[in-house]
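As structure tokens, the structure follows; a few thoughts come after it.
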Amino acid sequence: MALDPEIKRTIGQHFVFGFVGYGVNDDIRSLICDYYVGNVILMKRNIQSFEQVHKLVHDLQQLAKDSGHEQPLLIGIDQENGLVSGFSIGSGGVGTQFPGAMCIAATGSTELAEEVTRASGFEMRLVGINWVYSPVADVNTDPGNPVIGPRSFGDDPTRVGEFACAVSRGLTASGIAPSAKHFPGHGDTHVDSHIALPRILKSQDELRQEELVPFRSLIAEDIATIMSGHIALPRITGSDIPCSLSRDITTALLRDDLGFKGVIVTDCLEMDAVAGSYGVENGALMALDAGADIVMVCHTPERQKGAVELVQAAVISGKLTLDSLRQSHHRIAHLKSKFAGSWSDVLAPVFNSGRKIQLKSDNAALSASAYSASTALVTDPTGVLPISGGDAVILFTPENESLNRAVDDIEDAVRAEDGKIRNKAAPSDISFGSSISARTQNMHHTVYAKDFTVTEELSNHLSVAKYIVFATRNTDRSAWQLKALSAIAEVKNTGTGVIIISTCAPYDLLNAKLGFPFAYLATFEFTRPALEAAARVIFGEAKPAGKVPVLDGNIL
């Protein structure tokens, strides 16, 4: 079979690719014009300002139209809110920062979850983004999960489904296609699929009782797209093949059993769970053969072009049937009609600066309100909180570390040539220090690390401190944080009040035996507004209204 332009255009619709830069570069130009790639993912490296993103999206759409594409591009982005917010966090973040999944779940309000998602969606729609890889529908049943954690709404499958559906409705109402992830569920694993293949040893019945519950709810509400995850379910598939590449999962389970009729997109195939064993290019072919509609390759132009060329060769040889691609193509075309619209829809609008100003103003107030409702007080047996502004406070925050490739260098981490983070204090922690120092004239901020010791200078500060505010961040992977806390506790004054703040996953003190009284707050993410909300609680400006949405709140 020869590949005529119509077949090339059909094949190109089944890929979503990323690129580098604030403007159209030669790589994405070639992919759209020569390979007819029909979908683009934007990342932090593409985000600089509202106006810049609007122009970038316009230029991409114009390029597609001029190249003979039948329909506009789907322009996607990872915007879960919270720690994974491609449009609103880091050096290029331009949108409003809203609470992520576990943070918003702590408010207990699905109505608020829908409202903030719709508000975030309107900002992205303003610049032409029409596809968002959210909600996270994973049930975080493993407290040691290295990649999901606070990106999940919790560990109760029904409640996760309720919040995921609220987010899906919010995005859809703003004119954006949601994409629930990571099917069939990435919550019960100790392994990060960015670096290895997680294996979940559950039967299909066990999966139905837990992981599949949120996805069933989303499918019942006709969610537009679902993202397949790179996890292995050997008790179902009979092998360690990633679910994203498995017909047993993509077609038999998701399509035939659960009845999903929308578009299936894979997670990025450059993650090592696929790339390490199957190769990106071969993984793309396997995923399409398994029943995926669109395969994602975010980073490397050579791999992107190689994936398209391998699929083209498979169609020529008959290894991948054109009929199956055309059936899938109809689903993609329907999705584009609903969320991308016509060429006049994507090319005619000029940027509405007045709308941007109004959205940013309204959304700033909504964000502050949402974060205020999320801060949870886990325990305060001796009534340490609130504290007064005249008291001496020492703030301890952990040395900045890279958590995982999903969160990936949160808020402008500066890296050395060996990949290690150079700026020891996270910008959000510096901002937290400013929030506390603005409320008391006697504040000392110490960044503690693995080699932490109580120096003479620090001992002097501790001798006059009325309160210690000690921030933790995922102590299951960084046990040195609790060792530092114990060292401080040994030399602190008897009357010094201790306030511990879990700033990411809320499991930091699970089964910890500290031996001294303390107040314990959970923020569920270390974004600036989450920590500002915590500062307001510490100084009595706001009540801690949130509830921990995992382990029935029993996280001590």
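The values are calculated or read from the model by the stated rules, or taken from the named source; none is laboratory data. Source: prediction; values computed, not measured. In this analysis, Cβ positions are derived from the backbone assuming ideal geometry, glycine residues included, and neighbour counts consider all displayed protein chains. For the accessible areas, the whole protein counts, side chains as well, though only heavy atoms, and no ligand, DNA or RNA atoms are used. Shrake-Rupley method; radii C 1.70, N 1.55, O 1.52, S 1.80 Å.
Condition first: touching a residue at least 40 places away in the same chain (Cβ under 8 Å) and of a type outside the set (A, V, I, L, M, F, W, C). Now tell me which residues in the stretch 42-54 satisfy that. Talk me through it step by step, then tell me what you get.
The first filter runs over the stretch 42-54 and keeps only residues touching a residue at least 40 places away in the same chain (Cβ under 8 Å), leaving 42-51, 53-54.
K44, R45, N46, Q48, S49, E51, H54 - these are the residues of the stretch 42-54 that are touching a residue at least 40 places away in the same chain (Cβ under 8 Å) and of a type outside the set (A, V, I, L, M, F, W, C).
Filter the stretch 229-251 down to the residues that are open to solvent by less than 20 Å² (accessible area, probe 1.4 Å) and touching a Lys or Arg at 6+ places or on another chain (Cβ under 8 Å) and list them by number. Give the derivation first.
Taking the stretch 229-251 as the starting set, the residues that turn out to be open to solvent by less than 20 Å² (accessible area, probe 1.4 Å) are 229-233, 242-246, 249-250.
Of everything in the stretch 229-251, those that are open to solvent by less than 20 Å² (accessible area, probe 1.4 Å) and touching a Lys or Arg at 6+ places or on another chain (Cβ under 8 Å) turn out to be G229, I231, A232, L233.
Taken over the stretch 65-82, the criterion of being buried (at least 24 other Cβ atoms within 10 Å of the Cβ) and either modelled with pLDDT under 95 or among the small types (G, A, S) (or both) is satisfied by G76, G82.
Considering only the stretch 60-96, state which residues are among the polar types (S, T, N, Q), touching a residue at least 40 places away in the same chain (Cβ under 8 Å) and part of a loop (DSSP other than H, G, I, E, B). Within the stretch 60-96, Q71, S91, T96 meet the criteria.
Quick check on G92: is it over 17 Å from V346 (Cβ atoms), out of contact with any Pro (no Cβ under 9 Å at 6 or more places or on another chain) and at pLDDT below 95? In short, yes.
In the set (1) over 27 Å from I555 (Cβ atoms); (2) open to solvent by less than 10 Å² (accessible area, probe 1.4 Å), the condition left unmet by E221 is number (2). Among the conditions (1) on the phi < 0 side of the Ramachandran plot; (2) over 22 Å from the mean Cα position of the chain (by Cα), G68 misses just one, which is (1). A single member of G161, G170, G175 is part of a loop (DSSP other than H, G, I, E, B) and either out of contact with any Lys or Arg (no Cβ under 7 Å at 6 or more places or on another chain) or more than 19 Å from T266 (Cα to Cα) (or both), and it is G175.
The listed residues are I11, I47, I41, and the only one of them that is more than 22 Å from G291 (Cα to Cα), of a type in the set (V, I, T) and open to solvent by less than 10 Å² (accessible area, probe 1.4 Å) turns out to be I47.
In the set (1) surrounded by 20 or more Cβ atoms within 10 Å (Cβ to Cβ); (2) modelled with pLDDT under 75, T397 fails one condition alone, (2).
Is it the case that the stretch 443-456 has a residue that's out of contact with any Pro (no Cβ under 7 Å at 6 or more places or on another chain) and open to solvent by less than 10 Å² (accessible area, probe 1.4 Å)?
Step one: of the stretch 443-456, the residues out of contact with any Pro (no Cβ under 7 Å at 6 or more places or on another chain) are 443-447, 449-456.
Cutting the leftovers down to open to solvent by less than 10 Å² (accessible area, probe 1.4 Å) gives us none.
No, the stretch 443-456 contains no residue that is out of contact with any Pro (no Cβ under 7 Å at 6 or more places or on another chain) and open to solvent by less than 10 Å² (accessible area, probe 1.4 Å).
Between L366, L285, L335, L269, the distinction of being free of Cβ contacts under 8 Å to residues at least 60 places away in the same chain and within 23 Å of the chain's Cα centre (by Cα) belongs to L269 only. Of all residues in the stretch 515-530, those that are closer than 21 Å to L556 by Cβ, surrounded by 21 or more Cβ atoms within 10 Å (Cβ to Cβ) and touching a helix residue (DSSP H, G or I) at 6+ places or on another chain (Cβ under 6 Å) total 6. A residue that is under 26 Å from the mean Cα position of the chain (by Cα), at pLDDT 95 or above, closer than 21 Å to A106 by Cβ and part of a strand (DSSP E or B) can be found somewhere in the stretch 377-389.
Can you pull out the residues in the stretch 18-38 that are open to solvent by 10 Å² or more (accessible area, probe 1.4 Å) and aromatic (F, W, Y)?
Restricting attention to the stretch 18-38, the residues satisfying the condition of being open to solvent by 10 Å² or more (accessible area, probe 1.4 Å) are 20-27, 29-30, 33-36.
Those that are open to solvent by 10 Å² or more (accessible area, probe 1.4 Å) and aromatic (F, W, Y): Y22, Y35, Y36.
Restricting the search to the stretch 199-216, which residues are open to solvent by 40 Å² or more (accessible area, probe 1.4 Å) and either among the small types (G, A, S) or over 24 Å from W131 (Cα atoms) (or both)?
Step one: list which residues in the stretch 199-216 are open to solvent by 40 Å² or more (accessible area, probe 1.4 Å), which gives 199, 201, 204-206, 208-210, 216.
Passing the criteria: R199, L201, Q204, D205, E206, R208, Q209, E210.
Here K305 does not qualify as touching a Pro at 6+ places or on another chain (Cβ under 7 Å) and basic (K, R). Pairing residues of the stretch 130-145 that are over 28 Å from S478 (Cα atoms) with residues that are assigned to a loop (DSSP other than H, G, I, E, B) and open to solvent by less than 10 Å² (accessible area, probe 1.4 Å), at Cβ distances under 6 Å and at least 6 apart in sequence or on separate chains, gives N130/I176; N130/A340; V132/I176.
Can you tell me how many residues within the stretch 480-504 are farther than 16 Å from T382 by Cβ and open to solvent by 60 Å² or more (accessible area, probe 1.4 Å)? Walk me through it before giving the result.
Applying the first criterion (farther than 16 Å from T382 by Cβ) to the stretch 480-504 yields 480-488, 490-491, 501-504.
Within this subset, residues satisfying the condition of being open to solvent by 60 Å² or more (accessible area, probe 1.4 Å) are 483, 490-491.
Summing the residues that are farther than 16 Å from T382 by Cβ and open to solvent by 60 Å² or more (accessible area, probe 1.4 Å) in the stretch 480-504 gives 3.
Condition (residue is assigned to a loop (DSSP other than H, G, I, E, B) and touching an Asp or Glu at 6+ places or on another chain (Cβ under 7 Å)) applied to the stretch 27-35: is it met by at least one residue?
To start, the set of residues in the stretch 27-35 that are assigned to a loop (DSSP other than H, G, I, E, B) comprises 34-35.
With the extra rule that they be touching an Asp or Glu at 6+ places or on another chain (Cβ under 7 Å), the set shrinks to none.
Within the stretch 27-35, none of the residues are assigned to a loop (DSSP other than H, G, I, E, B) and touching an Asp or Glu at 6+ places or on another chain (Cβ under 7 Å).
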